[in-house]
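Read through the structure below, which is laid out as structure tokens, and then see the notes.
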Amino acid sequence: MEYNSKHVEQKWQNFWSENKSFEPSDEQTKDKKYILSMFPYPSGRIHMGHVRNYCLGDAFARFYRKENYNVLHPIGWDSFGMPAENAAIKHNLHPKKWTYENIDYMRDELRALGLSFSESREFATSDELYTRWEQEFIIKMFEEGLLYRKSTTVNWCPHDLTVLANEQLEEGCCWRCGTEVVQKEMPGYYVGITKYAQELLDDLSSLEDTWPSQVLTMQENWIGRSEGLEFEFELSKDSRYKLNREFKKYSVFTTRPDTIYGVSYSALAPEHPIVKYIVDNKLLPEKKINAIKAMQKVSERDRATQDKEGVSLEIDVIHPLTGENIPVWVANFVLASYGGGAVMAVPAHDQRDFEFASQYDLAIKQVIQGSEGLIENPSEAFTGEGELINSESFTGLKNTKAKKAIIYHFEQNSIGTKKVNFKLRDWGVSRQRYWGAPIPFVHCDDCGLVAEKSENLPIALPEDVEITGEGNPLDTHPTWKHTTCPCCGKPAVRETDTLDTFVQSSWYFLRYATNPKVWNEEGISKADSDYWMDVDQYIGGIEHAILHLLYARFFTKVLNDLGYTNSREPFKRLLTQGMVLKDGAKMSKSKGNVVDPDLIVEKYGADTARMFILFAAPPTKELEWNDSAVEGSFKFIKKFYERASNVTAKGIEEFKNIDHSSLSKEEKEARRKVYEALQKSNDVFEKTYAFNTLIAASMEAMNALQAQNNEAVWAEGYYILTNILEPVIPHACWDLANGLFQRENFNNSLEVKEEVFALDSIALAVTINGKKRAEIEVSPDASKEDILAQAKEVASKWLEGKDIIKEIVVPNKLVNLVIKG
């Protein structure tokens, strides 16, 4: 039987589609498994990262279906976003047309891989029905105070007429058009994720055994909980006058109150209000003003990798305990988003502060000493534990105790308070874009900001727009934004900002869990959510380990509090896949190292693509593309398919009653290898994720099968191997299992037979003074005396005339004879 991948794959893909083979049952009686891979952006073509992600998810889904679970394995499209508008500008094509044509093309590509997605639950986040329900709970979040509007300073591109995130700045310029960005005060919408900061942090403990530790650490660091002291630095009298009495003081947060007597300067973020006031009013020499402006144009993320830079603001603050004047600087290492954007700098005990002080020749005052005592002319900050020195009444205290004592002193004298701080900031969700979900609010001159009525949802995008890249076309549309106030009925204007696309990807898993039969009536079915949630296995790239996962966790908690679901955490288990590389670099068009999955499928077939992507490396590791390994996968599938001719009707009739004790050594070895592969399969899906080891074990089993001729052993081998390889190479396995066993082996949970692991004999190495000289085979229950006797016999020529001074038997491994001379 010759292997023809095109014929086999088309046959079974048609069968699966016609028979709706992968639809979850509406009967919620069986145990369930919800398997989900992060959904794709419909950019036009799938890439090898997609192939890896979806083949991993598909393997889990297929495994659990054969284990008799009710499996939900959906796919959809994260379809809003700026790339569609860029394509519209480039190709003079409407973003909606471009997006949905790409979806049609990519759906066919995914289908060609034989991925077992539910077809009925597919949707795009740009579908108006999805927008309708999202707008409903956005309004509820607004009503609960979890979504609010405020003005803040943003990065504004005067060419594209849009706001840019810090991450979209390139050396102070717009990433898309290269125009120099300006700072502009603008209103925007914010989600109160900080209200959930402690719960988001605490609940990470429930994921410790099922999420990668590095992801938990990344989430923990992003939330950034810290305990410390908050107090205010008062500006000196001269400094207040210099700032035209606009400012009297500013707030500082520190996690090291024990070092407060070592403060030698204070540093402000480039975005701090005092710094902005100084720049706007040109209260410093032009050279300094220009240096500060240059800092303000660089994103916080990029500043973190720069050398430490600063500018003296030529103002002072007063130390709250000593009354000394402390110079104030602006520094690029201070984050506006943490602790009020101001720090007390203690260079003797903070390496960052030390480097800055050393560069600008600022004082370094040691106030904690370790066992070595006072350090003269230090080359780095002392960050260890020790006793306070130079700290007035606190001198002599252990610094760990001094932290509490100094906080207590501040609170007793009403000059500061103990405070918990988080790096996490409220999430700005408004974007000045056309291709996004409209924010469902109306601006009324009389009523202010008003939520739209639920019966008027969805607020859909108008399609008669021209995308030029200059501003948001919703602002200039002649009719769309003009409406009536839902409260008073007077003329009003719709909000023209649209939602950040992270919002859509923060609840899509709850939409999948809702039966499509009630999609019109319910955005999220609580009954369905109770059955399907939480997602049992989530798969996606490590690059989404922070924001997407954090936002999804946050939205799940909010939607629970709003009554939509009983779930508090979205994903039970998480697998983060590594990148696909070629020639040591991530695949990208710009590097010219992209491998087109369509060409691989066309040349070798989908099963080959799937086997290679799962075999080449453990899923959490980077995968280096290898053309010869692709060819090797194809050759194995071809051999596996064509050697099935060794399975006979007689073998199929007899294999369930094999008498293992009567088999030859080769036949027993073949069975042992097959059942080792079965054991490996169970471990892979429940524990290790190491699909490469499952495939390797299956290859070993095939080699062992070919070393014997027992028809029953061949039949048993294929009964098991077509089952355990089905998640990897489904088309070939369905064809073989259907022809040989009428797929009976897909409906039964296979059990490992312990009899196959019983050994007739054990091979032991015989070593003389640690050097291998021979090998013996002994019975598993052979006595130590028998083993030594046999070992001495085979090693007799090395023992002749020698005295044995020590005899060592390592069970199931070796015999070592130590000789003298």
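The values are calculated or read from the model by the stated rules, or taken from the named source; none is laboratory data. What you see is a predicted model, and the numbers here were worked out from it, not measured in a lab. Every residue, glycine as well, gets a Cβ built from its backbone with ideal geometry; the counts of neighbours run over all protein chains shown.
In this structure, does Tyr338 turn out to be buried (at least 19 other Cβ atoms within 10 Å of the Cβ) and closer than 26 Å to Gly428 by Cα?
Considered against the rule, which asks whether it is buried (at least 19 other Cβ atoms within 10 Å of the Cβ) and closer than 26 Å to Gly428 by Cα, Tyr338 comes out as yes.
How about segment 562-592: which of its residues are surrounded by fewer than 16 Cβ atoms within 10 Å (Cβ to Cβ) and either assigned to a loop (DSSP other than H, G, I, E, B) or at pLDDT 90 or above (or both)?
Those that are surrounded by fewer than 16 Cβ atoms within 10 Å (Cβ to Cβ) and either assigned to a loop (DSSP other than H, G, I, E, B) or at pLDDT 90 or above (or both): Gly563, Asn566, Asp583, Gly584, Ser588, Lys589, Ser590, Lys591, Gly592.
Of everything in segment 471-497, what is more than 18 Å from Trp435 (Cα to Cα) and either in contact (Cβ under 8 Å) with a residue 60 or more places away in the chain or touching a strand residue (DSSP E or B) at 6+ places or on another chain (Cβ under 8 Å) (or both)? Give them in sequence order. Working first, answer last.
We begin by selecting, within segment 471-497, every residue more than 18 Å from Trp435 (Cα to Cα); these are 482-493.
Matches in segment 471-497: His482, Thr483, Thr484, Cys485, Pro486, Cys487, Cys488, Lys490, Pro491, Ala492, Val493.
What number of residues within segment 521-533 are small (Gly, Ala, Ser) and either surrounded by fewer than 19 Cβ atoms within 10 Å (Cβ to Cβ) or free of Cβ contacts under 8 Å to residues at least 24 places away in the same chain (or both)?
2
Is it true that some residue in segment 346-357 is at negative phi, of a type in the set (Lys, Arg) and in a helix (DSSP H, G or I)?
yes
So how many residues does segment 773-798 have that are assigned to a loop (DSSP other than H, G, I, E, B) and closer than 29 Å to Phe757 by Cβ?
Residues that pass the stated criteria total 5.
Mind listing whichever residues of segment 499-520 are in contact (Cβ under 8 Å) with a residue 60 or more places away in the chain, closer than 13 Å to Tyr130 by Cβ and among the polar types (S, T, N, Q)?
Selection gives Thr501, Gln504, Ser505, Asn520.
Do we have Gly49 as farther than 30 Å from Gly739 by Cβ, touching a residue at least 24 places away in the same chain (Cβ under 8 Å) and not in a loop (DSSP other than H, G, I, E, B) here?
The answer is yes for Gly49.
So for segment 652-671 (the condition being closer than 30 Å to Thr620 by Cβ and crowded, with 24+ Cβ neighbours inside 10 Å), does at least one residue qualify?
First pass over segment 652-671, keeping only residues closer than 30 Å to Thr620 by Cβ: none.
No.
Looking only at segment 125-135, decide whether some residue is in contact with a strand residue (DSSP E or B) (Cβ under 9 Å, 6 or more places away or on another chain), surrounded by 19 or more Cβ atoms within 10 Å (Cβ to Cβ), in contact (Cβ under 8 Å) with a residue 40 or more places away in the chain and part of a loop (DSSP other than H, G, I, E, B).
Looking for residues that are in contact with a strand residue (DSSP E or B) (Cβ under 9 Å, 6 or more places away or on another chain), surrounded by 19 or more Cβ atoms within 10 Å (Cβ to Cβ), in contact (Cβ under 8 Å) with a residue 40 or more places away in the chain and part of a loop (DSSP other than H, G, I, E, B), one finds at least one in segment 125-135, hence yes.
Just to be sure, is Ala697 at pLDDT 95 or above, buried (at least 18 other Cβ atoms within 10 Å of the Cβ) and small (Gly, Ala, Ser)?
Yes, satisfied.
Kindly check whether there is at least one residue in segment 756-779 that is in contact with a helix residue (DSSP H, G or I) (Cβ under 7 Å, 6 or more places away or on another chain), aromatic (Phe, Trp, Tyr) and either touching a residue at least 24 places away in the same chain (Cβ under 8 Å) or within 30 Å of Tyr3 (Cβ to Cβ) (or both).
yes
Condition first: within 23 Å of Asp683 (Cα to Cα), among the polar types (S, T, N, Q) and either assigned to a helix (DSSP H, G or I) or modelled with pLDDT of 95 or more (or both). Now tell me which residues in segment 609-647 satisfy that.
Ser633, the sole residue that qualifies.
For every residue, the table says whether it meets (1) within 21 Å of Glu522 (Cα to Cα); (2) polar (S, T, N, Q).
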{"residue": "Ile467", "(1), (2)": "no, no"}
{"residue": "Pro473", "(1), (2)": "no, no"}
{"residue": "Thr479", "(1), (2)": "no, yes"}
{"residue": "Thr483", "(1), (2)": "no, yes"}
{"residue": "Pro486", "(1), (2)": "no, no"}
{"residue": "Lys490", "(1), (2)": "no, no"}
{"residue": "Thr498", "(1), (2)": "no, yes"}
{"residue": "Phe509", "(1), (2)": "yes, no"}
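Against the definition (out of contact with any strand residue (DSSP E or B) (no Cβ under 9 Å at 6 or more places or on another chain), closer than 30 Å to His91 by Cβ and modelled with pLDDT of 95 or more), how does Thr468 come out, yes or no?
no
Scan (1) free of Cβ contacts under 8 Å to residues at least 12 places away in the same chain; (2) part of a loop (DSSP other than H, G, I, E, B); (3) closer than 28 Å to Arg672 by Cα for the single condition Gly801 breaks and write down its number.
With (1) free of Cβ contacts under 8 Å to residues at least 12 places away in the same chain; (2) part of a loop (DSSP other than H, G, I, E, B); (3) closer than 28 Å to Arg672 by Cα applied to Gly801, the lone miss is (3).
Tally time: how many residues in segment 403-433 are of a type in the set (Lys, Arg), buried (at least 18 other Cβ atoms within 10 Å of the Cβ) and part of a loop (DSSP other than H, G, I, E, B)? Break it down into steps so the answer makes sense when it comes.
At the first step, the residues of segment 403-433 found to be of a type in the set (Lys, Arg) are 403-404, 418-419, 423, 425, 431, 433.
Adding the requirement that they be buried (at least 18 other Cβ atoms within 10 Å of the Cβ) leaves 403, 431, 433.
From the residues that got through so far, the ones that are part of a loop (DSSP other than H, G, I, E, B) too are 433.
Matching residues across segment 403-433 total 1.
Can you tell which of Tyr250, Tyr196, Tyr190 is under 26 Å from the mean Cα position of the chain (by Cα), at negative phi, in a strand (DSSP E or B) and surrounded by 15 or more Cβ atoms within 10 Å (Cβ to Cβ)?
Tyr190
Which of the numbered conditions does Ile539 fail, given that it passes all the others? Conditions: (1) crowded, with 19+ Cβ neighbours inside 10 Å; (2) more than 30 Å from Glu686 (Cβ to Cβ).
With (1) crowded, with 19+ Cβ neighbours inside 10 Å; (2) more than 30 Å from Glu686 (Cβ to Cβ) applied to Ile539, the lone miss is (2).
Among the residues of segment 210-247, count how many are in a helix (DSSP H, G or I) and either loosely packed, with under 13 Cβ neighbours inside 10 Å or in contact (Cβ under 8 Å) with a residue 24 or more places away in the chain (or both).
Summing the residues that are in a helix (DSSP H, G or I) and either loosely packed, with under 13 Cβ neighbours inside 10 Å or in contact (Cβ under 8 Å) with a residue 24 or more places away in the chain (or both) in segment 210-247 gives 14.
Within segment 444-451, can one find any residue that is exposed (fewer than 14 other Cβ atoms within 10 Å of the Cβ), out of contact with any Ser or Thr (no Cβ under 9 Å at 6 or more places or on another chain) and at pLDDT below 95?
No, segment 444-451 contains no residue that is exposed (fewer than 14 other Cβ atoms within 10 Å of the Cβ), out of contact with any Ser or Thr (no Cβ under 9 Å at 6 or more places or on another chain) and at pLDDT below 95.
Can you tell me which residues in segment 593-627 are surrounded by fewer than 22 Cβ atoms within 10 Å (Cβ to Cβ), among the charged types (D, E, K, R) and over 24 Å from the mean Cα position of the chain (by Cα)?
Listed by number, the residues that qualify are Asp596, Asp598, Glu602, Lys603, Asp627.
Just to be sure, is Thr255 under 35 Å from the mean Cα position of the chain (by Cα), over 26 Å from Lys365 (Cβ atoms), polar (S, T, N, Q) and surrounded by 13 or more Cβ atoms within 10 Å (Cβ to Cβ)? Give the derivation first.
On the way: under 35 Å from the mean Cα position of the chain (by Cα): yes; over 26 Å from Lys365 (Cβ atoms): no; polar (S, T, N, Q): yes; surrounded by 13 or more Cβ atoms within 10 Å (Cβ to Cβ): yes.
Criteria not met by Thr255.
Output the residue which, of all residues in segment 775-797 that are modelled with pLDDT under 90 and surrounded by 14 or more Cβ atoms within 10 Å (Cβ to Cβ), is farthest from Ala763 (Cα to Cα).
Ala782
Hey, can you tell me all the residues within segment 326-347 that are among the aliphatic types (A, V, I, L, M), modelled with pLDDT under 90 and closer than 20 Å to Ala381 by Cβ?
Leu335
Among the residues of segment 358-376, write down those that are closer than 11 Å to Gly262 by Cβ and assigned to a loop (DSSP other than H, G, I, E, B).
Ala363, Ile364, Lys365, Gln366, Val367
Each row is one residue, and each column tells you yes or no for (1) over 26 Å from His443 (Cβ atoms); (2) buried (at least 17 other Cβ atoms within 10 Å of the Cβ).
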| residue | (1), (2) |
| --- | --- |
| Phe142 | no, yes |
| Leu146 | no, yes |
| Lys150 | no, no |
| Pro158 | no, no |
| Leu161 | no, no |
| Leu164 | no, yes |
| Glu170 | yes, no |
| Glu180 | yes, no |
| Lys184 | no, no |
